[in-house]
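Throughout, read-outs are computed from the coordinates displayed, never taken from laboratory work. Here the structure is a predicted model, which means the values were calculated and not measured.
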Amino acid sequence: MVYRPGRDLSSRAAVAGMNRPTMEDVAERAKVSRALVSLVMNDSPQVSDQKRRAVLRAARELGYRPNLIARILAQQRTHTIGVLVDDLRNPFFGEVVDGIEAEAAEHGFRVLILNGHRDARRERDAVETFLQLRVEGMALVGARLGNDDLARIGNAAPCVMVASGTAHPHIDTVGTDDRRGAELAVEHLAALGHTRIVHMDGGANVSAAERRSGYESGMRAAGIGDLIDIRPAGDDEGDALPVIDALLADDDPPTAIFAFNDLLAAGALNRLDDSGVAVPGGMSLVGFDNTFIAALRHLSLTTINQPTLAMGRLAVDTLRQRLSSGSGEPVRHTLQPELVVRSTAGTPRDGALQSAGTAMKQA
Ligand code: XLF
């Protein structure tokens, strides 16, 4: 069907397709029965190789596609996992989904992905869509849904929460030890000699509280608990800008920043660069996630690794266990974070911070 601007593609005729080839067409072309085409399309072992090849060739030549909806209705199974991600713009979620897809494919499941756009209301709609499509299970990755929603969803279909902060009373969870990850970041900065370490926190993000408390315990363990300094930020590069501006407006800004995630750290790096502050010479910076952007040479961000592929695979594994075991106590899988040292954290600057702002003040 050729798309013509102005034509209503949602009309029934357009959706049904004018000349969509059928199984009968394939059977006629391959000179076999319709039943045999159906056996081939269902991967039946009862068909000879020669007939299978003939049917597949005819299907290819005609552009025939099996009708998934008819198959689902006949089998009463969708073999589908619904994956809700908090923010498709953040590469962390793509990396977790890679793991989900790989494990799902190995076990005969397909994956449907919806974006929550960092908004609980849109997440609720997405989950409802999955349930109406009769997915066999759901992975909610970084979801912001509240406890009441989760209890309701957990009763409606097998569900696993991934990278969603703490454990949940009704739902299986797979996550990184966020608190330990934050402690590792502070330990690293403290070992380099920093004492004035600011945490740019994750705002409304589900993992913000755990990372904040890890930052606090890391500061206390390093003997600098009295210097705890938390600045409300968020989980997106834009959220870093006002925080960096406020820090640089101080008479004597801190020497290091632990950012809630890599995106926030990337935004901080941009703003520091705009302001003429060298990293790590003037300010050290540590992120969280170890997404692929952290490894890009011009960012080369020191960060905390989350084992995203393993998390995705484990999420599907947990769902499969739940599908076979039915209800029961929720399980919690906690994976270990690791420090990844690159180029954005060094020893503290000696003396005043040189930035475009201070240069202007001095002039
Ligand atoms: O979803 C959580 C919160 O933010 C994930 O662990 C992340 O770090 C992604 O940036």
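What is the helix-to-structure angle for 262-274, meaning the angle in degrees between its Cα long axis and the longest Cα principal axis of the chain, kept from 0 to 90 and rounded to the nearest 10?
Taking Cα atoms only, the helix is inclined about 50 degrees.
For the chain, what does -39500 (n - 2.57) per DSSP helix run (n ≥ 4), summed and divided by total residues, give at 222 nm, in deg cm²/dmol to the nearest 500?
Value at 222 nm, helices only: -13500 deg cm²/dmol.
Antiparallel DSSP bridges in region 232-363: what percent, to the nearest 5?
40
Bins of 10 Å, beginning at zero and ending with the bin holding the largest distance: percent of Cα pairs per bin for region 224-272, please.
26, 56, 17
Per the Kirkwood formula on distinct C-alpha pairs, the Rh of region 254-363 is how many angstrom?
About 16.2 Å, per the Kirkwood formula over Cα pairs.
Kirkwood Rh over alpha-carbon pairs of region 168-300, then Stokes-Einstein at 10 °C and 1.306 mPa s: what D in µm² s⁻¹, rounded to an integer?
In µm²/s, the coefficient is 107.
Could you list log10 I(q)/I(0) for the chain at q = 0.09, 0.12, 0.13 Å⁻¹, which the Debye formula gives when each Cα is one point scatterer?
Results for the chain at q = 0.09, 0.12, 0.13 Å⁻¹ read -0.64, -0.91, -1.00.
So what is the relative contact order for region 142-277, in percent, with contacts set as C-alpha pairs under 8 Å and at least six apart?
Reported as a whole number, the value is 23 percent.
With angles folded into 0 to 90 degrees, how steeply does helix 147-156 sit against the dominant principal axis of the chain? Use alpha carbons for both and round to 10.
Here the helix axis deviates by roughly 20 degrees.
Taking a temperature of 25 °C and a viscosity of 0.890 mPa s, what whole-number D in µm²/s does Stokes-Einstein yield for region 83-162 with Rh from Kirkwood over alpha carbon pairs?
After rounding, the answer is 194 µm²/s.
Against the longest principal axis of the chain, how steep is helix 178-191, in degrees 0 to 90 to the nearest 10, with axes from Cα atoms?
Compared with the principal axis, the helix lies near 40 degrees.
Among DSSP beta bridges whose residues both lie in the chain, state the antiparallel percentage, nearest 5.
Close to 10 percent.
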